[in-house]
Structure formats: structure tokens, C-alpha cells
Amino acid sequence: MLIAKFFHLLGLTIWVGGMFFAHMALRPALVVLHPEQRLTLMAAVLASFFVWVWIAIALVLGSGLHMMAMLGAGHAPPYVHAMTGIGVVMMLIFAHIFFAPFRRLKLAAAQQDWDRAARALGQVRQLVSINLLLGLLTIAIGALGPLSA
């Protein structure tokens, strides 16, 4: 169970930490670039980061299911079920980001359609903001949930 917990925390750190960095540090720093450069750079950064998010999702989902199976899903405390539910929502939001606005961002940037690319990046930003808040909430539930058990 300890190894599963390590992989769970590793995946969570990669995903939520990456969102925090991109949203709170990288994005604000890019205002010094021209819009075309900013959009091209963000498309490339997100392409790289999203590979890691898929890996993180596999780690979080696999280790989380393993730990729940070890506990017996019916015996897991309520905070574990809350983390599971929020995690599934986060994964669905990420899948939407990846297959819809991010896909539009890459295509628009490749075609140098900067208005369309900016709209797509704005959608990515909004959805990543939601996922970042959900990720931080999940961390809080995981850290503080055992206090209520």
C-alpha cells in the first residue's frame, strides 16, 4: 500500500504542481511576448505537459483503484470517496481540454490563425483554473480527511 501511495502522490504532484506552475508563474510571465510568440510557446509547452498529465492520470487512477481495492471500496472512509469523485471529474475535464480546446489551439497556431488560437487558449486557461482548484481541494481533503475519520 505504501508504494501505491507514493505513486498516487507522485502523479498528483506532477499534475497539480504543473497546473499551478503554468497558471500562476508561466502564463503571467508570458505577457512580455507578442501574442503570436505567446500562443506558439503555450501550444508547445502544453503539448509537452499534457504527455505528463496522461502519465500522472495513469499513476493516480491505477494507484487509487489499487488502494481502494485493498481497503474494500465499501470500507473506504467518506473522504476517500470524495477524492475519488473529484478526481474522476478532473480527469473528464482534462480529457475535454485535450481533445477539444487544446486541439483547436494547436491547429490554429499551426495555421497562424491567432484570434482562433487565443480563444482556444482562453478556454484551456479557464478549464485548467477549474481543475487546479479541484486539485487543491482534493489535496486538502486527502490531508485533512483522516482528521474526521
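The values are calculated or read from the model by the stated rules, or taken from the named source; none is laboratory data. What you see is a predicted model; the values in this text were computed from it and never measured. What goes into the accessible areas is simple: the full protein's heavy atoms, side chains included, and nothing from ligands, DNA or RNA. Shrake-Rupley method; radii C 1.70, N 1.55, O 1.52, S 1.80 Å.
Per-residue surface analysis assigns THR13 an accessible area of about 90 Å², computed on protein heavy atoms at 1.4 Å probe radius. Between helix 114-148 and the chain there is an angle of about 20 degrees, using the helix long axis and the longest principal axis of the Cα atoms. Atom-type composition of the exposed protein surface of the chain places 73 percent of the accessible area on carbon and sulfur (1.4 angstrom probe).
Compared with the dominant principal axis of the Cα atoms in the chain, helix 101-110 is inclined by about 30°. Taking the helices alone, the chain has a mean residue ellipticity at 222 nm of -29500 deg cm²/dmol, built from -39,500 (n - 2.57) per DSSP H run of at least 4 residues and averaged over all its residues. Per residue, the stretch 1-146 exposes 56 Å² of solvent-accessible protein surface, assessed with a 1.4 angstrom probe and all protein chains in place.
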